[in-house]
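**Q** Structure below; questions to follow.
Read-outs: derived from the displayed coordinates by stated rules, not from any lab. Just so you know, these numbers come straight off a predicted model, no measurement behind them. A quick note on method: Cβ atoms are made from the backbone with ideal geometry, for glycine too, and the neighbour counts reach across all protein chains shown.
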Amino acid sequence: MDKTLQSLVALARQGNIEHRCAALLVLGALKLDEDKVVEVVNTALEQPNAILKSYALRYVEEVRPKASLPSFAPAP
């Protein structure tokens, strides 16, 4: 699974939009809550592409990683 996870994270980082969205979809379906996965998702949440953001949000809804929650909290 480690090689598969590395491949999915690489696709979510560097692939074209379709590959990145598909990788985020699979990561969410697998409910993977590892640091490198959450890091990729947080990066996708910061992108200007609305489609990519929606797949990243879908991941957050499915997995609910605590490391992504600060992105949604208002700044003090």
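**Q** What number, in percent, do you get for the relative contact order of the chain if the mean sequence gap of Cα pairs under 8 Å and at least 6 apart is divided by its residue count?
**A** For the chain, the relative contact order is 29 percent.
**Q** Still on this structure, I have one more. Excluding the sites themselves, what is the longest stretch of the chain that contains no trypsin sites (Lys or Arg not before Pro) in a DSSP loop with at most 16 other C-beta atoms within 10 Å?
**A** Numbers: sites that count: Lys31, Lys66.
Result for the longest clean stretch: 32-65.
**Q** Determine the dipole magnitude for the chain: charges of +1 sit on the beta-carbon of Lys and Arg, -1 on that of Asp and Glu, nothing else is charged, the reference point is the Cα centre, and the result goes in debye to the nearest 20. Mind dumping the intermediate values first?
**A** Values: 9 positive and 9 negative charges, 15 e Å.
Computed about the Cα centre, the dipole is about 80 debye.
**Q** What is the distance, in nm, between label points placed 7 Å from the Cα along the Cα-to-Cβ direction at Ala10 and at Asn49?
**A** 1.8 nm
**Q** Related question: Taking the dipole about the Cα centre of the stretch 1-50, with the C-beta of Lys and Arg at +1 and of Asp and Glu at -1, give me whichever of Gln47, Leu30, Ser7 is farthest to the positive side.
**A** Ser7
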